[in-house]
There are 2 protein chains.
Amino acid sequence: MLNVGLLGLGTVGTGIVEIINERRNTITGTSGTDIRIKKILVRNVNKTRNIDTEQLELTDNFEDILNDQEINVIVEVTGDLESSYRYITAALNSGKHVVTANKAVVSKYFGELSALANEKNLAFLYEASVGGGIPVLKPLKEQLELNEITEVQGILNGTCNYILTRMINEGKDYGEVLKIAQELGYAEADPSADVEGHDTLRKLRILATLALQADITEEDILLDGISSINATDVENIRKMDSTVKLIAEARKTDKGFTAIVQPMIVKNSNYFANVNMAFNSIAFKGNNVGELKFYGAGAGKLPTANAVLSDVLDIALGTYRKGNPLGKEDLVNLNESISGQYYLRISVTNDEIRDKVEGITREVLLDGEELAILIEEIRLAEIHELLAGLGLSKGSYFLAKIAD
Amino acid sequence: MLNVGLLGLGTVGTGIVEIINERRNTITGTSGTDIRIKKILVRNVNKTRNIDTEQLELTDNFEDILNDQEINVIVEVTGDLESSYRYITAALNSGKHVVTANKAVVSKYFGELSALANEKNLAFLYEASVGGGIPVLKPLKEQLELNEITEVQGILNGTCNYILTRMINEGKDYGEVLKIAQELGYAEADPSADVEGHDTLRKLRILATLALQADITEEDILLDGISSINATDVENIRKMDSTVKLIAEARKTDKGFTAIVQPMIVKNSNYFANVNMAFNSIAFKGNNVGELKFYGAGAGKLPTANAVLSDVLDIALGTYRKGNPLGKEDLVNLNESISGQYYLRISVTNDEIRDKVEGITREVLLDGEELAILIEEIRLAEIHELLAGLGLSKGSYFLAKIAD
């Protein structure tokens, strides 16, 4: 019998209760184990909820859960960063396994929490923190035993992918699609964590640290979001028989690593081009298994709850991989060496700008009120220097890598 | 310590030895378990091999392995059907876990071997039998605990996919590409098991039986291969902004199930359109997790060996799901009800043929030496009746479903 202390009864927490209610008999029947939600931490125990709470024991005091000796697993889905760090630490220190869907806390305290769980011989699992419902972190950890993984790539944010898909498919402008996405619940009122790429960056931090077996922190990752893309870019990208995706990628070479989140223009025949709307996909390459790619719902109540519960089941059955999955490789940050071919559109044009970009231009796509060019193979840092030299702010241009 | 008795030292067997030699220290270091290949069954112990066999104990007598009390896992990669059935049964009966890459034996004896392993409280694992290197059967089994799965689909044969990709991309004829595929080792001298779809059918038998939790045998699956496709079809399909794939799919409804392997014409914007060359992909849908898709190398020495070893590691660490994964749903075969829109090209034309197909034609694509039409929504069985009535043999027409 696994007794769960659930922290949070928002969207994902509600989904967890729903799936357990639906599947409890099946789980008991096939696995011989029983999973019960014993107590739930909420801010307000009297709030009206979209779920029947009569059978549920709600509390607004974490200590009630921590001190309940029958509770052997804490499931953290509050989404808050610092309080969840305190909850997780306290839970591990008092001998309880931990499952979380919270990428912010995993990203910030990855090394510390992994080491603590390992020291206490407890599970610390976070499948739902990357790729929503997609089972990817468990397969990744498992492949690490048989493979050297040198590359990980992904479309990790459903909001950005939803916006970009509708812009490209329907030729719409950014602001228009963002508004639709907000109305439909795909984007939040303040969309910056998604559209500026911070959410994607945290997920890459987790993926890259596991895949490359080195501590690749949020600060180690170059970041550019999608918020400056406009209808001109959409038109140009469509003409290139391509689409655009916010791609996170990290690579290991003999000399070190690179890690970056950036808009990428991918040909329609590229695998990632058909990962559309709110779906996510993660790819990695092992020296034995070759390329593997995983695709599924990047967010949503039931997919995320499903991922959380797959971790809980692994604890109930003892079928998770024990030990600290983080590696100890000491790699040098080589982001300064990142290079490629790029697409650049600048919203203001004048002779100085035309003059400065001419030297790096492979092809001019548009020269009018806006300037759009394809840039020949170049170090990304050089483009950034040039843009800074021209005094251009982030909102006044859109830069995207052209995928190989 | 896990002592492996390896049955077969062909391509996959050699890959297993190579990966263990490469990763043994890492595996021991991270998992605390040691994996050793103790004995290998081969036909000829004196044959010269592409691998250093000095450290390996070869035998041509299965009893040597069966009676070795130190060997606790049998890894079967001979590829032979009936002898491997005897080996697997004997191994389970004498208390040894079994891992196999052999889809023929899993497909034919799925229920019997699963039950025997369960009765003996042993592992019977076969990740490599479907999708080559792709970790898909383990995630599928795990998702079954939390989900009702009603649909599974896949590109399951690398040879067919390689041939179809090159035909579409390069506008080449079937015979020409088959010859190239044979020269490059992607197709065998006798390619019929692949191009006629038998290999795909066996893999669907395994996938569908797991996913739908019902015994869906080889005989339950409708089958059509790719060998009658020609350059005319390629031209027509390209004009439809589409490509063609050999797709296996099984579905469960309230009333029963359908299961079919057939060529499908998919729009270039469809996910499966970008699964190219020898790659495979498997998709399934759960009521909670939603759509999941897995992509990777469908065959090859190291990817397949990697999948076999991931099963071996799960046994070493005790992290596989115990119990019999097969379900007991009693579903009615509804293949007669399968319907859709279809593409049909007939190589011989005459007035009788023109007359008979007219009634089901939505659009005529070509009417000359060959006849090519799009067929309006219809039951597949009706098309088969019509073709049989015209006395047309399988080689004289190409029929493909047009994906929704």
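The values are calculated or read from the model by the stated rules, or taken from the named source; none is laboratory data. Computed from a prediction, not measured in an experiment: that's the story for all the values here. Here Cβ is always computed from backbone atoms with ideal geometry, including for glycine, and neighbour counts include all displayed protein chains. SASA here: full protein model, heavy atoms, side chains in, ligands and nucleic acids out. Shrake-Rupley method; radii C 1.70, N 1.55, O 1.52, S 1.80 Å.
Rounded to the nearest 100 Å², what's the accessible area chains B and A bury against each other, both chains counted, probe 1.4 Å? It would help to have the intermediate numbers written out before the result.
Values: alone 17830 and 17860 Å², together 31860 Å².
Summing both sides, the interface buries roughly 3800 Å².
Of the residues A:T349, A:T48, B:T200, ranked by 1.4 Å probe accessible area with the largest first, the sequence reads A:T48, A:T349, B:T200. State the antiparallel share, in %, of DSSP beta bridges confined to chain B, rounding to the nearest 5. In chain B, approximately 65 percent of DSSP beta bridges are antiparallel ones.
Report Rg(Cα)/(2.2 N^0.38 Å) for the protein assembly as shown, keeping two decimals.
Numbers: Rg = 27.7 Å, N = 808, 2.2 N^0.38 = 28.0 Å.
It is 0.99.
Other residues with beta-carbon under 11 Å from the beta-carbon of B:Q153 carry, at +1 per Lys or Arg and -1 per Asp or Glu, a net charge of +1. Taking Cα centre as origin and charging only the Cβ of basic (Lys, Arg, +1) and acidic (Asp, Glu, -1) residues, the dipole magnitude of the protein assembly as shown rounds to 1420 debye.
Debye-formula intensities of the stretch A:338-402, expressed as log10 I(q)/I(0) at q = 0.14, 0.15, 0.21, 0.26 Å⁻¹, are -0.33, -0.38, -0.79, -1.29 (one equal scatterer per alpha-carbon, no solvent).
Computed in the context of the full set of protein chains, the accessible area of the protein assembly as shown at 1.4 Å probe radius has 45% of its extent on carbon or sulfur.
For peptide B:303-316, compute the average count of partner chain beta-carbon atoms within 10 Å of each residue's beta-carbon.
Details: counts 6, 2, 3, 9, 3, 0, 4, 7, 0, 1, 4, 3, 0, 1.
Per residue, the number of nearby Cβ atoms from other chains is 3 on average.
Accessible area per residue, 1.4 Å probe, Å², for chain B: what's the number?
Details: 15920 Å² over 404 residues.
For chain B, the per-residue accessible area is 39 Å².
Relative contact order of the stretch B:338-402: what whole-number percent is it, with Cα pairs under 8 angstrom and at least 6 residues apart? Could the numbers behind the result be given before it?
Numbers: 99 pairs, mean separation 32.5, N = 65.
RCO, the stretch B:338-402: 50 percent.
A probe of 1.4 angstrom, applied to the heavy atoms of all protein chains, finds A:D367 with accessible area near 80 square angstrom. Under 5 Å between amide hydrogens, built in the peptide plane, is the criterion, and for A:L246 it picks out A:M264 among residues at least 5 positions away or on other chains. Couplings 3J(HN,Hα) for the stretch A:234-240, derived from phi with the Karplus relation 6.51 cos²θ - 1.76 cosθ + 1.60 (θ = phi - 60°), are 4, 4, 4, 5, 4, 5, 7 Hz, where x marks Gly and Pro. In a DSSP loop and with at most 12 other Cβ atoms within 10 Å, the trypsin sites (Lys or Arg not before Pro) in the stretch B:8-65 are B:R43, B:K47.
DSSP beta bridges in the stretch A:148-295, what fraction antiparallel, as a percent rounded to 5?
Bridges in the stretch A:148-295 are about 95 percent antiparallel.
Taking the Cα centre of each part, how many Å lie between the stretch A:297-376 and the stretch B:46-74? Answer, in whole Å: 48.
Please find the FRET efficiency linking A:N25 to A:N350, where r is the Cβ-Cβ separation and R0 is fixed at 60 Å, and quote it to the nearest 0.05. Calculated transfer efficiency: 0.30. Looking at the protein assembly as shown, the DSSP beta bridges with both ends there are about 65 percent antiparallel. Taking a straight Cα-Cα cut-off under 19 Å and skipping sequence neighbours fewer than 8 places away in the same chain, the aspartates and glutamates within cross-link reach of A:K245 are A:E151, A:E170, A:D173, A:E176, A:D194, A:E196, A:D199, A:D224, A:D233, A:E235, A:D404.
Within the set A:K267/B:K293; A:K138/B:K285; B:K179/B:K285, which residue pairs have Cα atoms separated by over 28 Å? Table pairs above 28 Å Cα-Cα are B:K179/B:K285. GNM remark for chain B: springs join alpha carbons under 10 Å apart, and the peak mean-square fluctuation among B:G133, B:G391, B:G154 falls on B:G391. Of the residues making up the stretch A:251-283, those losing 20 Å² or more of accessible area when the isolated chain is joined by the remaining protein chains, with a 1.4 Å probe, are A:S269, A:Y271, A:N274, A:F279.
Within the straight-line cut-off of under 12 Å between alpha carbons, the aspartates and glutamates reachable from B:K328 are B:D215, sequence neighbours fewer than 8 places apart in one chain being disregarded. If I histogram all Cα-Cα distances within the stretch B:153-197 using bins 10 Å wide from 0, what percent of pairs lands in each bin? Taking all Cα pairs of the stretch B:153-197, the binned fractions are 30, 59, 11 percent. Contact order for the stretch B:1-132, expressed relative to its length and based on alpha carbon pairs under 8 Å spaced 6+ residues apart, stands at 24 percent. The mean sequence distance of close C-alpha pairs (under 8 Å, at least 6 residues apart), as a share of the length of chain B, puts its relative contact order at 17 percent.
Looking at the stretch B:175-262, which GluC sites (Glu not before Pro) are in a loop (DSSP not H, G, I, E or B) and have at most 13 other Cβ atoms within 10 Å?
Working: sites: B:E176, B:E183, B:E188, B:E196, B:E218, B:E219, B:E235, B:E249; in loops: B:E188, B:E196.
Of the GluC sites (Glu not before Pro), the ones in loops of the stretch B:175-262 whose Cβ has at most 13 other Cβ atoms within 10 Å are B:E188.
The alpha-carbon of B:K47 sits under 22 angstrom from the alpha-carbons of these lysines, leaving out residues fewer than 8 places away in its chain: B:K38, B:K39, B:K301. The Cα atoms of the stretch A:11-113 define a convex hull whose projected area, averaged across directions, is 7.2 nm².
If you bin all the Cα-Cα distances of the stretch A:197-354 at 10 Å, starting from zero, the percentages per bin are 8, 29, 36, 19, 6, 1, 0. Computed with a 1.4 Å probe on the full set of protein chains, the accessible area for B:F124 sits at about 20 Å². When the other protein chains are added to the chain by itself, burial of at least 50 square angstrom of heavy-atom accessible area (probe 1.4 Å, ligands and nucleic acids ignored) affects these residues of the stretch A:21-44: A:R23. Taken residue by residue and averaged, Cβ atoms of other chains lying within 10 Å of the Cβ of B:142-154 number 4. The tail of the calculated P(r) for chain A, taken as Cα-Cα distances beyond 33 Å, holds 37 percent of the pairs. Relative to one another, the C-alpha centroids of the stretch A:229-249 and the stretch B:106-141 are positioned 43 Å apart. By a 1.4 Å probe calculation restricted to protein chains, A:L204 has an accessible surface near 0 Å², given to the nearest 10.
Near A:P263, once Lys and Arg are set to +1 and Asp and Glu to -1 for all other residues with Cβ below 14 Å from its Cβ, the sum equals -1. Sequence-ordered 3J(HN,Hα) estimates for the stretch A:175-183 from the Karplus curve with 6.51, -1.76 and 1.60 and θ = phi - 60° stand at x, 4, 6, 4, 4, 4, 4, 5, 4 Hz, glycine and proline given as x.
Think of chain B as having a plus end and a minus end, set by charges on the Cβ of Lys, Arg, Asp and Glu; of B:H198, B:N268, B:L326, B:L326 sits farthest toward the positive end of this dipole.
Here's how it looks for B:G327: its modeled amide H is under 5 Å from those of B:Q213, B:A214, which are all 5 or more places away or on a different chain.
The eigenvalues of the Cα gyration tensor, multiplied by 5 and square-rooted, give the stretch B:28-174 an equivalent ellipsoid with semi-axes of 31, 24, 16 Å from largest to smallest. Remark: the stretch A:393-398, residue by residue, has Karplus-estimated 3J(HN,Hα) of 7, 4, x, 9, 8, 10 Hz, where x stands for each Gly or Pro and the curve is 6.51 cos²θ - 1.76 cosθ + 1.60 at θ = phi - 60°.
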